[in-house]
Each structure stands twice: as C-alpha cells, then as structure tokens.
Amino acid sequence: MMAANQVLPSTASVTADGHLSIGGCDLVALADEFGTPLVVYDEQHLRATAAEFVRAYAAADRAAEVIYASKAYFGLAALQLLREEGLSVDVASGGELYAVLAAGFAPKRIYLHGNNKTAHEVEDALDAGVGTVIIDGFDEIALIERAAAGRGIVQRVMVRVTPGIDPATHAAIATGQVDSKFGFSLAGDAQRGVAAIRASAHLQLVGLHAHLGSQLFDLSVFGPTADVLADFAAEVGPEDIEAVDLGGGLGVAYVQEHDPPAIAAFAAAQADALRSAFGARGLAIPRLLCEPGRAMVGRSGVTLYRVGGIKPIPGIRTYASVDGGMSDLLRPMLYGAVYEPVLASRAAAAPDRTYRIVGKHCESGDILVAEARLPELVVGDVICLPATGAYGVSMASNYNGQPRPAVVFAAGGTARVVTRRETYADILGRDLA
Ligand code: LLP
C-alpha cells in the first residue's frame with residue numbers, strides 16, 4: 001500500500017505489480033507506451049477541482065465568478081474541460097487568447113491581462129468580443145480606447161492596482177507590492193487612471209483588480225488588501241466599482257509537509273474580507289472575482305521520467321539522471337521549488353535511499369530534486385514527479401533541442417494523448433534556411 005499522499009492526484013493507487021497508477025492507468029505502462037518525459041493529468045481530479053472552485057465561490061458569494069488563469073496550463077483538452085465545468089478564463093497574451101477561443105470559451109467570459117499588451121493583442125481581443133480588459137498602466141488606456149472607438153464599442157475594463165501588500169512568497173512570484181511592473185500604484189496613479197477611463201466614451205469601468213502573488217498559504221493577506229481597495233473605492237467614488245478581482249494565488253502542496261488552505265477557506269477569506277472592508281465604509285459590496293491557476297491544475301498533473309544513469313560519488317552523493325529536466329520543469333531552477341518524487345516502478349517500496357535527481361541538460365543547475373528520498377533505483381526505473389500540472393508544460397522550452405513532452409489524460413483506466421510529443425522536425429519547423 002502507498003502511504004496517504006496529498007501531492008498526488010486523488011485517483012492515485014498502487015497496482016498488484018507495485019506500479020503507481022493514476023486514473024486507473026498504470027504509469028509504467030504509460031511510460032512504455034507513450035515515452036518519457038510524459039505529463040499525465042488525472043481527468044477526474046481536474047474536473048472535481050474545477051467543480052469544487054465553482055461550488056466554493058458560489059457559497060462564499062452568490063455572484064462570484066471563477067476565472068481560470070490559463071497561463072498555468074493552456075492545453076486545449078484542459079481548457080475545454082474547464083469551460084465545460086463553467087469557468088471563465090483569463091489570458092495574458094495573444095497566444096493564450098488564441099488558445100481559449102479555440103477551446104470554445106464565450107468571448108464575454110474572457111478577461112485580458114498583460115503589462116504590455118501590444119496593439120495587435122488589443123485589436124484581436126476586441127475583434128473577438130472579449131468581455132473585460134484589465135488595464136495595467138497609463139500607456140494602454142489610449143491604446144484600448146482607440147481600438148474601442150475604431151470599432152464603435154464600449155469596452156468593459158477593470159483597473160489593476162498594486163495594493164502594497166507583501167504576500168510572503170518567492171520574490172519572483174510576488175506582484176502586489178508597490179515596486180512592481182504590474183498595475184497602477186495607489187499613490188496617485190490609480191486615481192488618475194480611473195479618471196481617464198471615466199472620461200472616455202468608449203471605456204466602461206466595472207471594477208478593480210489586485211493580484212498579490214502566487215503560491216499563497218496565508219489567508220490573512222486579504223483583509224488588509226480589501227481595506228486598501230475599499231479606501232480607494234471610497235476615494236474615487238464607488239458607483240462603478242461593481243466587481244473586485246483578487247487575482248489568483250492559492251497555493252498547492254508540492255511536498256507532504258506543505259499545507260495549503262482548502263479552496264472553500266480561501267474563497268470565504270476573500271469574500272469575508274470584501275464584505276467587511278466595503279461594509280465598514282458604507283459601500284455596496286462588490287462581486288468577488290478570482291483567478292486561480294496553480295490550484296486549479298497543479299495537483300492533477302504528474303510528470304514521468306525514466307532513469308538513464310546512476311552515478312554514486314562516494315562520500316558525497318548519488319546522482320540519478322532522468323530524460324527531461326529544466327526544459328519541461330523550470331520551477332526548481334527558477335524559484336528553488338521543491339518536489340517529492342515517487343518511484344512509479346516500485347511505488348510500495350520503502351524510500352530508504354537519497355538521490356539527487358538531475359535532468360539531461362548541459363547545466364549543473366539542471367537539478368529537479370536536490371535530495372529525493374526513494375527506494376534503491378535501477379536504470380530504466382520510472383520516476384513520477386507529482387504536482388507538476390501547473391507551470392510545467394506552459395513554461396517548457398526546447399533547450400538542447402529537447403522536444404517538449406506529450407500530454408496524456410487518464411480516466412477510468414483509459415489514457416488518451418491530448419498533446420503529442422514534439423518532434424525534431426517540429427523544433428526546426430520555423431527555420432527558413
Ligand atoms: N492572475 C494574475 C493577474 C496573475 O498574474 C497570475 C499569476 C494568476 C492570476 C494565477 O496565479 P496562481 O493562481 O497560479 O497563483 N510561473 C510561476 C507562477 C507565476 C504566476 C504569475 N501570475 C510559478 O511556476 O510558480
């Protein structure tokens with residue numbers, strides 16, 4: 001039997017052969033059939049997580065809207081599934097917009113972000129009928145206004161502000177502080193931004209946006225954030241602040257000792273914070289919007305790697321090299337992110353050895369797991385890295401000419417390839433020489 005594991009998807013179990021399985025599919029068999037590195041999503045877990053978000057936010061605020069942050073993973077099959085579950089979606093680029101439109105999201109339910117939206121991106125978004133544009137800075141007000149005027153429309157917009165709250169997460173994924181490239185500062189800029197929008201016949205302000213950061217575990221940040229936003233609404237006039245979008249941020253467990261808040265607790269903390277902050281100032285309570293990325297897809301996905309080499313260095317450590325690395329999972333290298341691998345080939349064996357799991361790239365820093373506790377490894381073993389469903393594939397590259405992995409959805413004992421593995425020809429496909 002496998003010990004209780006909150007980093008693997010909920011359908012994870014161990015087969016009679018001692019292999020790890022997800023969605024009723026033996027992961028060693030999937031690695032044999034589809035090759036490695038392979039990203040496997042537990043379809044049932046993904047659907048259940050989306051449904052839980054919808055339920056939790058509806059319970060916290062009847063008018064709430066759950067907007068999936070597509071940057072976390074924008075594979076078409078996942079986007080279609082999340083659309084079916086009733087989510088709205090946010091995009092931070094023309095490429096993400098293209099993906100969510102291809103997945104069939106209603107344009108009205110798309111939110112466009114970006115701290116440097118190009119004219120093309122804005123025009124494409126308005127042509128598609130995107131519901132809401134989140135304005136990130138002065139320079140884009142005129143850009144969006146011109147595009148809206150040219151089409152004879154009134155574009156719904158929100159203003160993104162930096163509330164000056166330190167969210168206690170890695171500096172690279174903290175965004176709510178004043179020293180940020182994102183959003184308007186509240187020390188004058190945001191007030192002028194709101195005034196400029198209100199003065200436009202082609203822009204309609206509908207609310208405020210503040211994303212504090214990512215991989216948050218501490219719910220106490222929302223009280224002060226809501227206070228800052230309510231003060232701002234009172235200052236500029238609350239009449240058109242119909243919604244407040246508190247961004248994404250709910251953390252996930254990457255290792256067993258991580259203990260993120262439950263979705264319902266996160267939703268309740270945000271809704272309560274808005275209610276008390278706006279209520280205390282005698283303002284109407286705005287509708288709550290949220291933009292989960294990581295917590296929507298992170299735990300549903302795992303990555304399978306095959307061990308190709310084992311190098312013991314006496315008195316120092318033992319390296320185990322796998323067939324992927326920083327090209328398919330950049331988070332350990334970029335943020336010092338930690339992961340806890342499971343040996344898919346012998347999932348019930350005691351993890352009584354320590355290995356450094358490294359990728360195949362020509363960089364000493366290509367370390368996936370610095371100190372992994374695993375059973376004794378042999379070449380050919382399949383290692384499963386849990387909780388890689390968010391910001392894995394979406395941040396993948398072709399470094400060292402490595403094709404990006406295939407993605408498989410597993411459910412009810414059946415696996416279907418939803419993204420085929422990249423080929424060498426794909427990698428050279430854009431070169432015109
Ligand atoms: N909304 C906005 C405006 C955002 O900037 C982000 C994330 C989200 C929503 C979704 O946040 P989440 O729920 O996933 O925390 N690549 C990094 C994460 C970067 C997040 C950037 N913005 C990582 O792998 O940790």
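The values are calculated or read from the model by the stated rules, or taken from the named source; none is laboratory data. Since we're looking at a predicted model, the values are computed, not measured. Counting neighbours? That spans all protein chains shown, and the Cβs are built from the backbone with ideal geometry, glycine included. With ligands, DNA and RNA removed, areas are computed over all heavy atoms of the protein, side chains included. Shrake-Rupley method; radii C 1.70, N 1.55, O 1.52, S 1.80 Å.
Rounded to whole numbers, the Karplus 3J(HN,Hα) couplings from phi for the range 368-382 are 7, 9, 5, 9, 9, 8, 9, x, 4, 9, 10, 4, x, 4, 9 Hz, using 6.51 cos²θ - 1.76 cosθ + 1.60 with θ = phi - 60°, and x at Gly and Pro.
Helix 222-236 and the longest principal axis of the Cα set of the chain meet at an angle near 20°. Element breakdown for the chain at a 1.4 angstrom probe: carbon and sulfur atoms account for 53% of the accessible area.
At a probe radius of 1.4 angstrom, the accessible area of the chain per residue rounds to 40 square angstrom. Taking every DSSP bridge with both residues inside the range 44-297, close to 5 percent are antiparallel.
Relative to the longest principal axis of the Cα atoms of the chain, the long axis of helix 189-198 makes an angle of roughly 60 degrees. Straight distance only, please: which lysines reach the Cα of residue 71 with their own Cα at less than 25 Å, same-chain residues fewer than 8 apart left out? Cross-link targets: 108, 117, 181.
Taken along the Cα-to-beta-carbon direction at a fixed 7 Å, the label points for residue 139 and residue 33 span 5.0 nm. With the gyration tensor restricted to C-alpha atoms of the chain, the semi-axes of the equivalent ellipsoid amount to 41, 23, 20 Å, longest first.
Relative to the dominant Cα principal axis of the chain, helix 138-150 is inclined by about 70°.
Each stretch of four or more DSSP H residues adds -39500 (n - 2.57); spread over every residue of the chain, this sum gives -8500 deg cm²/dmol at 222 nm. Distance between the modelled labels on residue 195 and residue 335, one decimal in nanometres: 3.8 nm (7 Å Cα→Cβ projection).
Considering Cα pairs under 8 angstrom that are at least six residues apart, work out the relative contact order of the chain and quote it in whole percent. Contact order relative to length: 20 percent. Rounded to the nearest 5, the antiparallel percentage of DSSP beta bridges internal to the chain is 45%. Rounded, prolate or oblate: which one fits the range 44-297, using the alpha carbon gyration tensor with axes a ≥ b ≥ c (rounded when a/c is under 1.5, else prolate when a/b beats b/c, else oblate)? In terms of gyration-tensor shape, oblate. So which lysines can residue 311 reach, going by Cα to Cα under 20 Å and dropping same-chain residues fewer than 8 places off? Straight-distance partners of residue 311: 360.
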